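J.: Below you will find the structure I want to go over with you.
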Amino acid sequence: MKIVVTGGLGFIGSHTVVELQNEGFEVVAIDNLSNSSESVLDGIFNITGKKPIFEKMDLRDKKAVQDFFNKHNDVSGVIHFAASKAVGESVENPLLYYENNINSLVYLLQELKELPNANFIFSSSCTVYGQAENMPITENAPVQQAMSPYGNTKQIGEEIITDVAKVTAINSILLRYFNPIGAHPSNEIGELPLGVPQNLVPFITQTAVGLREKLSVFGNDYPTPDGTAVRDYIHVVDLAKAHVVAMQRLLNKKNLNKVETFNLGTGTGSSVLEVIKAFEKVSEKKLNYQIVSRREGDITEAYANTDKANNILGWKAQSTLEECLASAWKWEQKIRS
Ligand code: WQD
């Protein structure tokens, strides 16, 4: 069966291509290489012995999307990662985010609705919850006013998919990620952040490898045990496996509704200082960091209630925080060697 992975050479996309190939799927990876490189195909090949079909393409090009699905008219499902995802950048450049993240989705869905088997997995985010009232966060927690255009594009994306499901044969699963980190245990693929990393873990590993002078910890005055913000850090391979399970659910018509939503997290919250401590343990290096003021738009805490993913989807994250950080550190050392 042929599965299309948009953003297939990206961080989560490439790890999902590997897991799909491991399950015997034929994969077509679409990527515009704006935040990835074609060399990722070699990493995938080194892991699975297969290269996915690769189509360099920008999903904002409506004609290109139409031509793609005319050529690949035997697609069984689409997993849609391709999007801009930097929260800060989205505040500076909202139109880039609305054009890229919304137009791409609309053009994809316009083609999907013509397919006999329209199975669609959407890369969403716990960002849609804003600062949720109760922890751990369930899928019924209310979607709150987005704190950034990036978060808003995820909310709008979910609404578009829900509206389209009502009048088409498209079956969808919305996967709300918590904080994806780590790298494939083979050390063949991992995160390749361009420029100064926005996210905590790549900034930590780049500091430890000497690329950054020190880590700034954004605030230690949050109402949390050690004052630093709490997140649910999930291994990217666990996340990738959840996408295969979700696609198989749709292919086997096990879905209970046209649109289903699952939180993908570990169910455990870790503070920034706990992440630093765990990293220092696995790397056996002292991390140079300083506490600075809070980052605009950050929430205090977010970690997932994983009951629905565990019991309905039949998936559970396996890796511990230390295993995640060890894989991220191993990868950082490799790409800087
Ligand atoms: C984690 C914690 C920071 C960097 C965002 C998006 C989310 C998803 C993951 C795309 C926070 C602190 C960070 C640093 C720090 N992205 N931090 N120093 O903000 O939880 O989530 O990225 O899907 O949608 O919202 O992740 O890694 O940026 O921050 O202290 O240099 O680390 O304040 O508490 P975040 P993050």
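J.: Gain in length, LYS254 to VAL196, computed as 0.36 nm per residue apart minus the alpha-carbon separation, to one decimal in nm?
T.: Here the segment from LYS254 to VAL196 would lengthen by 16.7 nm.
J.: I need the semi-axes of the equivalent ellipsoid of region 1-150: take the C-alpha gyration tensor, multiply each eigenvalue by 5, square-root it, list largest first in whole angstrom.
T.: 27, 18, 17
J.: So how do LEU251, LEU95, LEU287 rank on accessible area, 1.4 Å probe, biggest first, that is with the largest at the start?
T.: LEU95, LEU251, LEU287
J.: For region 166-210, count the residues as N, evaluate 2.2 N^0.38 Å, and divide the Cα radius of gyration by that value, please.
T.: Expressed relative to 2.2 N^0.38 Å, the Cα Rg reads 1.76.
J.: Output needed for region 229-296: three equivalent-ellipsoid semi-axes, defined as square roots of 5 times the C-alpha gyration tensor eigenvalues, in descending order, whole Å.
T.: Calculated on Cα positions only, the semi-axes equal 36, 15, 8 Å.
J.: Right, here's the next one. Accessible area per residue, 1.4 Å probe, Å², for region 259-318: what's the number?
T.: Result: 52 Å² of accessible area for each residue.
J.: Connecting C-alpha atoms closer than 10 Å in a GNM of the chain, tell me which of VAL245, VAL87, VAL167 has the biggest fluctuation.
T.: Of VAL245, VAL87, VAL167, the Gaussian network model singles out VAL167 as fluctuating most.
J.: Please report the relative contact order for region 219-293, taking Cα pairs under 8 Å with a sequence separation of at least 6, and give it as a percent rounded to a whole number.
T.: Dividing the mean separation by the residue count of region 219-293 yields 43 percent.
J.: Semi-axes of the equivalent ellipsoid of the chain: what are they in whole Å, largest first, if each equals the square root of 5 times a C-alpha gyration tensor eigenvalue?
T.: Output for the chain: semi-axes of 31, 23, 19 Å.
J.: Roll a 1.4 angstrom probe over the protein heavy atoms and tell me the percent of accessible area of the chain that is carbon or sulfur.
T.: For the chain, the apolar C and S fraction of the accessible surface comes to 48 percent.
J.: Once you wrap a convex hull around the alpha carbon atoms of region 79-154, what is its projected area averaged over all directions, in nm²?
T.: Spelled out: convex hull of the Cα atoms, projected over all directions, averaged, 5.8 nm².
J.: What pairs from LYS286/LYS330; LYS85/LYS281; LYS51/LYS85; LYS85/LYS154; LYS51/LYS253; LYS253/LYS308 go past 20 Å between their alpha carbons?
T.: LYS85/LYS281; LYS51/LYS85; LYS51/LYS253
J.: For a protection proxy built on the mean count of beta-carbon atoms within 10 angstrom, sort 265-274, 11-20, 138-147 highest first, please.
T.: The densest-packed peptide leads the list: 11-20, 265-274, 138-147.
J.: Could you compute the FRET efficiency for VAL209 and ASN46, with r as their C-beta to C-beta distance and R0 at 22 Å, rounded to 0.05?
T.: For R0 = 22 Å, the calculated efficiency reads 0.50.
J.: Select from region 123-222 those trypsin sites (Lys or Arg not before Pro) which occupy a DSSP coil region and have at most 12 other Cβ atoms within 10 Å, ordered by residue number.
T.: LYS166, LYS214
J.: Please list MET135, MET57, MET1 in order of solvent-accessible area, largest first, computed with a 1.4 Å probe with all protein chains present.
T.: I get MET1, MET135, MET57, largest accessible area first.
J.: Given a 1.4 Å probe and the protein chains all in place, what does the accessible area of LYS51 round to, in Å² to the nearest 10?
T.: About 110 Å², rounded to the nearest 10.
J.: Over region 178-250, one equal point on each Cα, no solvent: what is log10 I(q)/I(0) by the Debye formula at q = 0.14, 0.15, 0.18, 0.22 Å⁻¹?
T.: Values returned for q = 0.14, 0.15, 0.18, 0.22 Å⁻¹ are -0.61, -0.68, -0.88, -1.09.
J.: Take every Cα pair under 8 Å in region 1-120 that's 6+ residues apart, average their separations, divide by the length, and report that relative contact order as a whole percent.
T.: 29 percent
J.: At 1.002 mPa s and 20 °C, plugging the Kirkwood radius over alpha-carbon pairs of region 78-221 into Stokes-Einstein gives what diffusion coefficient in µm²/s?
T.: It comes out at roughly 124 µm²/s.
The values are calculated or read from the model by the stated rules, or taken from the named source; none is laboratory data. The shown structure was predicted, so the numbers you read here are calculated from the model rather than taken from an experiment. Glycine gets a Cβ as well: all are built from the backbone with ideal geometry, and neighbour counts include every protein chain shown. Side chains are part of the model used for accessible areas, which takes the heavy atoms of the whole protein and leaves out ligands, DNA and RNA. Shrake-Rupley method; radii C 1.70, N 1.55, O 1.52, S 1.80 Å.
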